[in-house]
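What follows is a set of notes on a single structure, which appears directly below.
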Amino acid sequence: MLVKEFISETNRNQMISILLKHYKVQTVKVKTKSMKGHAHFNVDAGTLELSTRYKTIKTSQVKEFLITILHEINHAMDAKTFGWKLFKEKYEMEMNLQVTNGKDPYEDNKYEIQAEEFGQKLWKTWKSKFKKDGLM
């Protein structure tokens, strides 16, 4: 049995496309950008920004990659539900609330908690599907 040591850029992009379509946010533009993590959802631009550092994904990075992509897709889903502008306002109001309460504006933000739970809950399901489909 051949074990892949990494996921190619083509397969990575195909996986992201499948996820965006599945969660009905396929209109989100995908761009690459220099950044530390795997990805970031830019609510102002309505884009999923992928790190140029991770053109290929090592097998040891699959869990973190899938959780992050699903996390950011959850933000895109919220933006679609509320509209980009209203979601940004709601997100910033939540940040301000957390600061007012002496908490961390990111870690204690209900939208971040929800997105992280979404990624943590679903990454194994998608890993199995992508493995079955030969993308990893």
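We did not get these values from a lab; they are worked out from the coordinates using the rules stated. None of the values given here were measured: they were computed from a predicted structure. Here the Cβ is made from the backbone with ideal geometry for all residues, glycine too, and neighbour counts use every protein chain on show.
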Work out the FRET efficiency for Met35 and Glu5 from their Cβ-Cβ distance, taking R0 = 22 Å, and round it to the nearest 0.05.
-> 0.40
Find how much the distance from Lys58 to Ser128 grows on full extension, using 0.36 nm per residue of separation minus their present alpha carbon separation; answer in nm with one decimal.
-> 23.6 nm
Cross-link pairs beyond the 29 Å C-alpha cut-off, checked among Lys36/Lys80; Lys80/Lys103; Lys33/Lys124; Lys88/Lys131; Lys90/Lys129 | Lys88/Lys131; Lys90/Lys129
What is the Rg over Rh value, at two decimals, for segment 80-127, using alpha-carbon atoms and the Kirkwood definition of Rh?
-> 1.09
Loop-located GluC sites (Glu not before Pro) in segment 64-136 whose Cβ has at most 16 other Cβ within 10 Å (DSSP) | Glu107
On full extension of the chain, what length is gained from Leu86 through Gln26, given 0.36 nm per residue of separation minus the C-alpha to C-alpha distance?
-> 19.6 nm
Express in nm, to one decimal, how much length is gained between Asn101 and Gln120 on full extension, taking 0.36 nm for each residue of separation and deducting their alpha carbon distance.
-> 4.2 nm
Measure nothing fancy, just the Cα-based angle from helix 84-100's long axis to the longest principal axis of the chain, in degrees from 0 to 90, nearest 10.
-> 70 degrees
